[in-house]
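**Q** What follows is a structure written as structure tokens; I'll ask about it next.
The values are calculated or read from the model by the stated rules, or taken from the named source; none is laboratory data. Small disclaimer: the values here were computed from a predicted structure and weren't measured. No Cβ is skipped: glycine too gets one built from the backbone with ideal geometry, and neighbour counts run over all protein chains shown.
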Amino acid sequence: MGAYNTRPIEKIYQLDVRTALDRYWRPIRRVELDDNSNSLEREILLEKLEPNQLYQFRLRPSTERVQYATLSDWVRTPEAVPSQVVQNLRFRMLDDQHLLLEWDPIERVSHSAPQLRFNVSWNLHDGQQFSESTTTPRIVIILPSNLKNNSKDCLILNVNVRPYNRVGPGKVATSKVVRASDKKPQRFAVNLQLNTVNSTHLNISWNWEGIDPCENVLGAK
């Protein structure tokens, strides 16, 4: 019989990792013994770990015939600024002077550092700037009642939301142009056309008319 070119199983070790949050061991690296090396010391660079997280590692033979394993101490990775970006920024008019701004939560399992907050800033067409901080993924913006712009019945706000913690601000801010109005959609569909593609698919197309620049398509009450 021909000889196999694979290493003996006793010369292959497995590096496992677990966190303090779930305690389940997961394999992350195979470690093969180097027959040509005279050094008994090995070093491995581990990447893509989570910040501010407690980790423990173990090194064990990959064969089940050997039961022993070497455990490391628990180690906490350094804190960092928030790496996740605010997603799904949306708004809803509560009344003609209050706008509810919401977004999806970030860092639900663990935080990159304590004191996670969100800095919300917005400016109006006349250059006025405002900012507030919140610990929840929502904020109520009070709209000025005496400011209007060329869009007749609405205020246009440029909104930015950036997460930050005690280490510092996140690298990316999420922006959105908000047309603050309680006017319901004014548009209507014309030229509604139907075209069959096959026995199970149908294309529907139309054009919008009567579009009002201040209609609140997404944030109507």
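**Q** Which condition number does Gln128 fail, the rest of (1) surrounded by fewer than 17 Cβ atoms within 10 Å (Cβ to Cβ); (2) touching a Ser or Thr at 6+ places or on another chain (Cβ under 9 Å) being met?
**A** (2)
**Q** Which residues, counting only those in the range 63-84, are hydrophobic (A, V, I, L, M, F, W, C) and modelled with pLDDT under 95?
**A** Initially, the range 63-84 is screened for residues hydrophobic (A, V, I, L, M, F, W, C), giving 66, 69, 71, 74-75, 80-81.
Hits for the range 63-84 are Val66, Ala69, Leu71.
**Q** Before we move on, is Leu94 part of a loop (DSSP other than H, G, I, E, B) and among the hydrophobic types (A, V, I, L, M, F, W, C)?
**A** Values: part of a loop (DSSP other than H, G, I, E, B): no; among the hydrophobic types (A, V, I, L, M, F, W, C): yes.
Answer is no for this residue.
**Q** Only one residue in Asn191, Asn198, Asn158 is more than 17 Å from the chain's Cα centre (by Cα), in a loop (DSSP other than H, G, I, E, B) and surrounded by fewer than 16 Cβ atoms within 10 Å (Cβ to Cβ). Which one?
**A** Unique residue meeting the criteria: Asn198.
**Q** Separate question: Go through the residues of the range 172-192 one by one and say whether even a single one is on the phi > 0 side of the Ramachandran plot and in the same structural domain as Leu101 (by TED's automatic domain parsing).
**A** no
**Q** Just a yes or no: is a residue in the range 98-121 aromatic (Phe, Trp, Tyr) and loosely packed, with under 14 Cβ neighbours inside 10 Å?
**A** No, because not a single residue in the range 98-121 is aromatic (Phe, Trp, Tyr) and loosely packed, with under 14 Cβ neighbours inside 10 Å.
**Q** A follow-up question, please. Only one residue in Ser121, Ser112 is within 25 Å of Pro78 (Cβ to Cβ) and either in contact with a Gly (Cβ under 9 Å, 6 or more places away or on another chain) or hydroxyl-bearing (Ser, Thr, Tyr) (or both), so which one is that?
**A** Only one candidate qualifies: Ser112.
**Q** Now, a different point. Across the range 114-148, what is the total count of residues that are under 28 Å from the mean Cα position of the chain (by Cα) and acidic (Asp, Glu)?
**A** 1
**Q** For the range 81-106, which residues satisfy the criterion of being within 21 Å of Pro51 (Cα to Cα) and touching a residue at least 40 places away in the same chain (Cβ under 8 Å)?
**A** Passing the criteria: Val81, Pro82, Ser83, Gln84, Val85, Val86, Gln87, Ile106.
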